[in-house]
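Comments concern the structure below.
The values are calculated or read from the model by the stated rules, or taken from the named source; none is laboratory data. Small disclaimer: the values here were computed from a predicted structure and weren't measured. Glycine gets a Cβ as well: all are built from the backbone with ideal geometry, and neighbour counts include every protein chain shown.
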Amino acid sequence: MQIATITGNLGADAEVKSSANGNEYISLRVGVGYYDGQERQTQWWRVSAFGPRLVRYLGNGRKGDKVTIAGEFSASIWDSRNGPQVDLDLVASSAEFGGGQQDSGQRDAGQRAGERVASGGGWH
């Protein structure tokens, strides 16, 4: 199991989806900025979140919101016309909104911006 924590901005509003068995989950795109020595780049992550607490919390995410998400990650490499590409996927176990002007404020009744939320018996 490989664990990662990323901090970036949502590339689009959060999407609530349903699995084949009817359970809701969240699908996000998170852009993480970095400097490659010559120019600023953005690395895009596909993030999925399961469990009612994370679905409710992250479901209020809006494009541009700053978020920190931790969880299990995987990477896959594939060939395109432009050469090898890498897909980065993260299954969230915890999340926190917040940080400066991109923070969209209160997320949910009882949830404050910057408050951490975990899917199971962890911190919140």
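Out of the residues in segment 1-45 meeting the condition of being closer than 13 Å to Val67 by Cα and out of contact with any Gly (no Cβ under 6 Å at 6 or more places or on another chain), tell me which one is surrounded by the most Cβ atoms within 10 Å (Cβ to Cβ).
Taking the candidates together, the pick is Leu28.
Taking segment 18-45 as the region of interest, how many residues are basic (Lys, Arg) and modelled with pLDDT of 95 or more?
1
Just name the residue that is modelled with the highest pLDDT out of those in segment 79-102 that are acidic (Asp, Glu) and surrounded by fewer than 16 Cβ atoms within 10 Å (Cβ to Cβ). Spell out the reasoning first.
Restricting attention to segment 79-102, the residues satisfying the condition of being acidic (Asp, Glu) are 79, 87, 89, 96.
Now narrow it down to the ones that are surrounded by fewer than 16 Cβ atoms within 10 Å (Cβ to Cβ): 79, 87, 89.
On the way: Asp79: 92, Asp87: 91, Asp89: 95.
Checked segment 79-102; the qualifying residue modelled with the highest pLDDT is Asp89.
Given segment 1-87, what strands (runs of 3 or more DSSP E) lie entirely inside it while holding 3 or more residues that are under 13 Å from Phe97 (Cα atoms)?
3-10, 66-80
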